[in-house]
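Have a look at the structure below before the remarks.
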Amino acid sequence: MSWLFPCAFLSAALAQSPTPPSDTRSAEPPETTVVAPKVPTPLSRTPAAVSVVEQEDIQEGRATLGLYESLVGVPGLVTQSRNNASQDLRLSIRGFGARSAFGIRGITVLVDGFPETLPDGQSNVDSLDMASAERMEVLRGLASSLYGNAAGGVVSITTEDGPERPFVEARTVHGDNALWKLNVKGGGKSGDVRWTLGASRLTQQGWRRLSSTEQVLLNGKVRWTPDGRSELKAVLSLVDAPEAGDAGGLSRAEVESDPQQASPLNAQYRAGESVRQGRLGLTYRRRLGEEHEVEASSFLALRSFQNALPQVVVAFDRTFGGVSVRYGNRGPLLGLRSRFTVGAEVQSQADRRKNFDNAEGLPGDTLQLDQDEGVLGLGLFAQEELELRERLTMVAGARYDVSRYTVEDFLKSDGDGTGARTFQQPTGRLGLIWAPRPEVSVFGSVTQSFEAPTTTELVVPAGTGGGLSRDLKPQRSNGVELGARGLLWSRLRYDVALFAVWIQDGLVRFEDEQARAYFRNTGRSRHLGAEVALEVKVTEELRIKAAYNALQATFRDYVSQGRQLRGKQVPGIPANQVSAEAVYQHASGARAAVEVFSAGGMYADDANTVREHTAWVVNARLGHRFPMGGFEVSPFLGFQNLLSARYSDNVRVNANRGRYFEPAPPLSVYAGAGLAHRW
């Protein structure tokens, strides 16, 4: 870990470096406020590594197909499964979430403050349309004291609010592999009410066989501020995705022979999924005088899901909902500036689940599983933010979570799987942040997280009686972090972080002969890492961003199949990541951007016998905005994987029969245009 020392020196040096005299007439940059730390907090008072991606980097010139497009520049964050809509996008932050069998695991995902993460810890973002996203924040550290289960990091997405001037916009994208997306949105303000509404339709054939996608989304948000002290927010989302093929993983030999082919088992059983979901969320916030604030929130989601896997079709109807209350007090404590927050959350998840034999992608006549699954989660939390002295702030928080999992088995031919498990976990957080000048802050923190198994991870292998595993334990983590961020010479923005995380009872994925994923616990592992992000404003038109992170994730005590794997690298986690982007924005409305990032560079199995090589991926996009009468026209052109680098879009950890790899497509081109009118 020799790179830890120069990074630590760089962190301290940047914090102390004097800023050259500047023109006193220039205005100070506005303070950035982030919402990922549970309550809106100035970044200068947040003792945690937080990355922020703004609207222009999310939407301008992008195809807006998913979260992954604009997150490649966030250090410590890995995106996989970008082209497999059936497996869903996989994210990992500092190694958390890297072992997910599908979807996002180990990371809390929020949209407009409402959780996309289920009480059991699984997240899906298939209802999110990036063409309506205004901002993304990534909290790159342990956060269970804020969000409870599965908070090895936090991704918080904020969608567009209705602007002062009403608008309507239509946008279409066409591209290789039969890509077509149409997006229509509009919004405005009427008195005390701001509103936005967006709808989109996406179809794509996909580069690999059995990877076509079809999806329709509807998203809306209304914000009502009847007076200066209260606010009511309502959020609605609907998704209908009748088709999402799963081409599956390939062996190295199969990739070399024909990277576009589907896995033989997936092709035989026509693997893929379909989903319908509706969701409504309401939040009411009220300020009581100058020092007190209360907030109440509730949401309800209904989801119908069917997933064709080799030899089995999984189907369930889910109800997911929750309520939360929070009280905030800004009154002084012991004569010091203080902000105290206390609250409670209750979330429930109820699944009516049936598994059938797979009859060419459809449910067959043989019922293999018939049970009701439920998860009830309760979280109590408190946090104190205390200004010990001017520009020195302490943040301390604690949370206690109880999760109860229940199964009622209606198919007892292979044994009665009816049962229940309860997980209880306290977590804490303590941080200090010092801002010697408005443009510089240095912080340190000690944090904790835990990750209870999901209902899917608690499944036991076929023929072992069904129900919930009695052996699988929650994963527990303790971490320390040091960091610095700030602005030098009014041009160079930096963000440096060093961290160490110790993990107990890590959740490990493995597959059976039918490529079904199951989980077991490791002993102990350790993650040591460093992250650096830089952004320089070269001229008024040109800015350059670069990021690097190194992460050494190793097993400390793990015996698998009778073999001690101490010292082996944890699979699915790249040891090094690099990204860079140059963006040119002309006053005329012309825009050009080129980005390059590393992909791969990770082991695919616990024993470190298979490694995915590192590849360099280059993307580029061009766009322009210009007026045409009373409208604004915005054509754009994009190139993905410009140099046709050969790499894996997804690495399936511990896959059976060596089918670890899902190849990424070579060069693909998309083009589109937007047409907007503002009153």
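The numbers here are math on the coordinates, done by the rules we state, and not lab data. Quick caveat: nothing in here was measured; it's all calculated off a predicted structure. In this analysis, Cβ positions are derived from the backbone assuming ideal geometry, glycine residues included, and neighbour counts consider all displayed protein chains.
Rounded to the nearest 500, what is the chain's calculated 222 nm mean residue ellipticity when only DSSP H runs of at least 4 contribute -39500 (n - 2.57) each, over all residues? Each step should come with its number before you reach the end.
On the way: 5 runs with 34 residues, N = 679.
Result for the chain, helices only: -1000 deg cm²/dmol.
For a protection proxy built on the mean count of beta-carbon atoms within 10 angstrom, sort 320-326, 188-194 highest first, please. Intermediate values should be presented prior to the final figure.
Values: 320-326: 18.1, 188-194: 13.6.
Going by the mean number of other Cβ atoms within 10 Å, highest first, we get 320-326, 188-194.
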Subject >> Cα centre as origin, Lys/Arg/Asp/Glu Cβ charges: the range 32-190 dipole, Debye >> reply: 460 debye
**OP:** Could you tell me which of rounded, prolate or oblate describes the range 45-131, using a ≥ b ≥ c as the square roots of the eigenvalues of the alpha-carbon gyration tensor, with rounded for a/c under 1.5 and, failing that, prolate when a/b is larger than b/c and oblate otherwise?
**Re:** rounded
**OP:** Along Cα→Cβ, 7 Å out, is where each label goes; now give me the distance between the ones at Ser190 and Ala620 in nm to one decimal.
**Re:** 4.6 nm
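Looking at the square roots a ≥ b ≥ c of the eigenvalues of the Cα gyration tensor of the range 66-198, which shape do they give, rounded for a/c under 1.5, prolate if a/b is larger than b/c, or oblate?
Oblate, since a/c reaches 1.5 and b/c is not below a/b.
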Subject >> Within-11-Å neighbourhood charge of Asn619 [Cβ basis; K, R +1; D, E -1] >> reply: -1
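Sort 579-586, 108-115 by packing, meaning the average of other beta carbons within 10 Å per residue, with the highest value first. Don't skip to the answer; put the middle values down first.
On the way: 579-586: 17.2, 108-115: 21.5.
Descending packing order for the listed peptides: 108-115, 579-586.
Would you mind getting me the FRET efficiency between Ala296 and Glu390? Use the beta-carbon distance for r and R0 = 51 Å, nearest 0.05.
Numbers: r = 34 Å, r/R0 = 0.68.
Efficiency at R0 = 51 Å is approximately 0.90.
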Subject >> Computed E for Val594/Arg526 - FRET, C-beta separation, R0 30 angstrom, nearest 0.05 >> reply: 0.25
Original post:
Using 0.36 nm per residue, how much length does the chain from Leu182 to Ser490 gain when fully extended, once their Cα-Cα distance is taken away?
Top reply: 106.9 nm
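Once the Cβ-Cβ distance between Ala587 and Ser413 is put in as r, and R0 is 56 Å, what FRET efficiency do you end up with, to the nearest 0.05? Present the calculation step by step, with values, prior to reporting the outcome.
Values: r = 72 Å, r/R0 = 1.28.
Efficiency, from the Cβ-Cβ distance: 0.20.
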Original post:
For the chain, treating each Cα as an identical point scatterer without solvent, what Debye log10 I(q)/I(0) comes out at q = 0.05, 0.07, 0.11 1/Å?
Top reply: -0.22, -0.45, -1.22
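Roughly speaking, what is the stretch gain from Tyr284 to Leu643, that is 0.36 nm per residue apart minus the C-alpha to C-alpha distance, in nm to one decimal? Write out the running numbers ahead of the final one.
Details: separation 359, 0.36 × 359 = 129.24 nm, distance 4.98 nm.
Between Tyr284 and Leu643, full extension yields 124.3 nm more.
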**OP:** Please list 144-154, 296-306 highest first by mean number of surrounding beta-carbon atoms within 10 Å per residue.
**Re:** 144-154, 296-306
**OP:** Kindly list the residues of the range 577-591 that lie in the label zone of Ile544, defined by a backbone N under 16 Å from the point 7 Å along the Cα-to-C-beta vector.
**Re:** 579-585
Original post:
Which shape class, rounded, prolate or oblate, goes with the range 33-74 when its Cα gyration tensor gives a ≥ b ≥ c as root eigenvalues, a/c under 1.5 marks rounded, and past that a/b bigger than b/c marks prolate?
Top reply: prolate
